[in-house]
Structure formats: structure tokens, C-alpha cells
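Let me begin by presenting the structure, written as C-alpha cells, before commenting on it.
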Amino acid sequence: MPAACESVLEDIEDIVSAEDLKPHDRQFVRRNVFPKVRKRNSQKNAQTDDEPPSDSIIPGVQKIWIRTWGCSHNNSDGEYMAGQLAAYGYKITDNSDEADLWLLNSCTVKNPAEDHFRNSIKKAQEGKKKVVLAGCVPQAQPRQEYLKGLSIIGVQQIDRVVEVVEETIKGHSVRLLGQKKDNGKRLGGARLDLPKIRKNPLIEIISINTGCLNACTYCKTKHARGDLASYPIEELVDRAKQSFQEGVCEIWLTSEDTGAYGRDIGTDLPTLLWKLIEVIPEGAMLRLGMTNPPYILEHLEEMAKILNHPRVYAFLHIPVQSASDSVLTDMKREYCVADFKQVVDFLKEKVPGITIATDIICGFPGETDEDFQETMKLVELYRFPSLFINQFYPRPGTPAAKMPQVPAAVKKQRTKDLSQLFHSYNPYDHKVGERQRVLVTEESFDSNYYVAHNPFYEQVLVPKDPLLMGKMVEVNIYEAGKHFMKGQPISDARVHTASISRPLAKGEVSGLTEEFRRAAQNGTKWKAQPNAEIPVKTRLSSWMALQLPWQQEGGGLKILSVGLALLAVLVVFYYRGMKTEL
């Protein structure tokens, strides 16, 4: 009886090089992976009757549960990975227990997020689930002990998630952590026209760039996302157009620092925003992501004009982190408190009613009581309606982790004091009685209301009338809380529908061409065209499959390989038979 064999695939790192295919040629191009075969003791490691050999498993039919932690950029990556897997034939499920494989998309900003990620890995392993890891944690530190032996898909390799999942289901460990490059120049990441499943069919999250230009001493994300790499304007505009054609009515621009957009490719954020505004239909809105003070300072006049545009939310997220210049210097934030105040004061003057959101870190190494009091005064001065308060956590491998730490009790108390100050004022009380225009896009967490946003991206809760979803309506504000207002729709007011087509159903894959849809419905083979937008594969019960380009190109080779293998077996048996006769 032949010895049982185990297929072992070595880790693959930095696989994409300058010799790789160009961006528009590589969307679904797949490298052939040849697992090493290592003989093992047959009695100890033989497969049991209820566990078929990995080679007999058919990828593309399993159920996959995806969990994402962290920022909008990470959520966008999760949507793209879900879309590609669903287009290939995998079923994306909300039930982790019934899933065959868990795809865990991590965040490395704070220790608690990584703790949740680590615990989820342990839970998956205890439940005998296959596991694929994604996001910033494994990208930044792939050799951590608790990641050993697990498959990893890098933040710039999400267009190859199907390969990683397929090999993982077969029992292999695969790691793709390389950077996307074109002629040696780092790219923003995977293509923007990949299939995706939007968490909310009405909201499109577009990553305009990856990485940043800073080197903040506390930041672990830099280790994962790297230096600034921006997408070309035309690709971003095309993605926005496609989104509106699929029923989207709100676009979020995201990145590690939107203000730095374009500095690596000879353009800038205002130029991009004006191009995007040209394609936003009436009744739809654009929301800008986080920008650090240094880069927005250069474009204040132009940004004020953009934020006053009726199809752009008058909202900007500008992290200050601390109101102490000495702390900002230790953080290497590359601005001072005066710079932050200049940005806020200018925008408040030029964009009446604008919402400024900010972040603050409590207990950064070296922060004194006097430093912290300066931060308290800043919050008291501006009374930010949206304030993200973070207790400092030293992240492994960062310079701040090696600095003398503020005692844990002090950090906790400062976080509590700042939170109490934030909750001591109500930013929306004066708006009761106003008539506001709002865009309805989602359901509240308690499922009692629909959630809308007014032109300043302030949250307004409205009645759960299905006719309101995806519409821009006028409401009377009758109640205000700390984080929201409540509005009653005005019956005789005009209703705007931004969508130029029906929104996709929840869970429906974005980016599939009509040609593909017809082929899938007819159960026939789909032939790739030179300019086909999104060639994808789905598995059919009749074993007829819609072919991806990598499978079309390699299909003949696979058939030839199988034929040669069978021929070799026949030749062996033939010669054995000849010897027996002799």
C-alpha cells in the first residue's frame, strides 16, 4: 500500500516584481502553484474515511464567513474580497458556525483590535475551520507565532484572494505579501474594478490611495500600508461612475491620509474632487475621508469651495491627536497646534456649519498633566460634535513602544476626563425646529429608524418608511440627542432619487458584466473578450464552468498534463505486463 502524502506549499512573499504584468493585464492572471510533496508515515498520517484527500476537494462550493475590523479602507478591502469569492462560486455567509472557512480581515491600530483578531483565530481553529488572514496585522508582522502555518493575503494582494482561499481549502499554507508595482513604481493596490459585495448597496467606499507620507512614532499601520501610492484620477472617476450605475447614492473617499492624495503622481486632492463632482448625479453625495493638517493647509481656499458644493458633505475629519506641541513633536506629526487651529478656523469661516471631526490620544509617552490640560482646553474651545478618544496603546515595533510610558491608571483617568468633557455638551440642541435636507442610506443599530445625514453629515433618524431608503428628502427636526437628531419627513416636499438605476440587492456582486450574467443564466461557457470588464467564474451543477482567463489559458496545459500522466501509467502497466509474459 503506498504511503500517504501531504501537500506542503511554502510561503510566498514579495512575489510581485517589476517584471510582473502591467495593471490592466493582471486583474485575474493567476500563477500556477505547484505544491511540494513530502512522504509521511502511512499509518500515522493516513486520511480517515470521512476526510477525503485534499486533491479531491472541489474549491468554489464552500461557505465563507468574512469578519472585518478597522477603518473604511479595510472595509472596502473586505467588500472586494467578498465579491471576488462570490463571483467565483463560493457562498458568503453571515453564519460563522456553518462556514467552512473564515476570512479574518484585521486592524493593527490598537491592541484590543488585534486581541479580537487573535481570539477569532483561536476560535476558528477550535471549531476546525479553515482560516485565511488578511488586513494590516499579518501584513505588518507575518512571522508572529500565532500566525504560524496560516494562510495570509496581503493588503495589496486582495485581487488574488480566490487563489489563497482555494489553496487553503486544499490544505496548503499560502502567503502573498508582495507590493503591486509598475516598472518599479509602487501602485495604490489591486484594481478598483474588481467584483465586490457592498456591505450597504447604497454606499460605495473608494480607496483613493494607500499608505502615507508620515512616520508617526505610534503608528503600526504604516508598517502594513507603507508609503503613499495613489490611484490615477481616471480610474477613480470610472469607479464612481460604475457605482452610480449600480444604484449607489453616497460615495466615501478613504485612505490613510486623503489630503496627501496625488503627491506621488503629480496631482492633488482638489483636482480629483472636482473631477468626481462632475459625475455625481443630483440627489447623491460625496463624503471625504480623514486628512492630516499639513496637507490640507496647502489647499484651504480650494477645499472650502469644494466643501460648499451641494453634492459634497460639509464634513472633514482632521486628527489633532494632542494640543501640546511637545507631544506632537514626540509623535512626529509634522505640524503644530497653531496649524490645526488655522485649518479649523478657516473652514468654519468659509464653510458655515461645517462639521469638523477629530481624534485625540490620551496618555502618549511623555505627556504631562499640563500637556493634557492643553488638549482639554482645545476640546472646550471647539466643542467637536464628533470626537474619537483613544487611550494610548504601545504597538510592538513602533518607536513609541520604546519610550517611557505614562502609568496605566493615569492614561485611564485622562481618557475618562476627556470623555466626560465631550459628553457635557450637546452639539445639536439649537437645531430643533430646523427644516433640513437629508439623504437616507441605512438602518439604525436598534432597527427602529432609518439613518439619514444632512449636508453637514450629521446623523438624522427618520421613520422606517421603505419609500425613503436611498432618497433625499426634507424633514423637520423635532428632537436632538448627543449623537443624532430626529426628523419628520415633510409630506409636500420634493423627493430626489439619486440612483440612475435600481440599487443592487444586499449581497449581490458588483461589477459583473451583462455578458457574464447571460452566460450564467444560460449555463453556457463564457468566452473572454479582449476588453471584458470583469471576467469571473461560477461553478455550475452540470460541471460546466464559466472560465476565468487564467483557466482558459492554462486549461489546455492541465488537460495535457493529465493526459500525459495517464499515458505514463498505461506505459508502466504495459511494460510490467510484458515482463510478466517473458
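Data for the structure
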read-out	value
The range 208-351, relative contact order [Cα under 8 Å, separation at least 6], %	24 percent
Residue among 409, 344, 366 farthest towards the positive dipole end of the range 342-421, charges placed on Cβ	409
Net charge, residue 362 excluded, C-beta distance under 10 Å - Lys, Arg +1, Asp, Glu -1	+2
In order through the range 467-481: 3J(HN,Hα) via Karplus (6.51 cos²θ - 1.76 cosθ + 1.60), integer Hz, x for Gly, Pro	5, 7, 4, x, 10, 9, 10, 9, 9, 9, 7, 10, 7, 9, x
Per residue accessible area in Å² of the range 183-273, where ligands, DNA and RNA are left out and the probe is 1.4 Å	28 Å²
Diffusion coefficient, µm² s⁻¹, Stokes-Einstein with Kirkwood Rh over alpha-carbon pairs of the range 321-416 at 25 °C and 0.890 mPa s	173 µm²/s
Dimensions (Å) - the range 202-425, Cα atoms, principal axes, largest first	53, 38, 30
Total charge dipole magnitude, the range 63-182, about the Cα centre, Cβ charges on Lys, Arg, Asp, Glu only, Debye to nearest 20	320 debye
For the range 120-237, with +1 on Lys and Arg beta carbons and -1 on Asp and Glu, the positive-most of 162, 127, 229 along the dipole	127
Descending semi-axes in whole angstrom, ellipsoid equivalent of the range 430-497, from the Cα gyration tensor	16, 15, 10
Length-normalised contact order for the range 269-405 - Cα pairs under 8 Å, 6+ apart - percent	23 percent
Computed over the range 430-497: relative contact order in percent, which uses C-alpha pairs under 8 Å that are six or more apart	32 percent
Charge tally in the Cβ shell below 10 Å around residue 493, where Lys, Arg are +1 and Asp, Glu are -1, residue 493 excluded	+1
Global form of the range 75-132, assessed from the alpha-carbon gyration tensor, a/c cut-off 1.5	oblate
Alpha-carbon Rg/Rh ratio, for the range 63-182, with Rh computed the Kirkwood way	0.92
Dipole magnitude of the range 202-425, debye to nearest 20 (Cβ charges: Lys/Arg +1, Asp/Glu -1, about Cα centre)	620 debye
Most positive-pole-ward Cα, 419, 386, 255, against dipole of the range 202-425 from beta carbon charges	419
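The values are calculated or read from the model by the stated rules, or taken from the named source; none is laboratory data. Please read all numbers here as calculations on a predicted model, not as lab measurements. In this analysis, Cβ positions are derived from the backbone assuming ideal geometry, glycine residues included, and neighbour counts consider all displayed protein chains. Heavy atoms of the whole protein, side chains included, go into the accessibility calculation; ligands, DNA and RNA do not. Shrake-Rupley method; radii C 1.70, N 1.55, O 1.52, S 1.80 Å.
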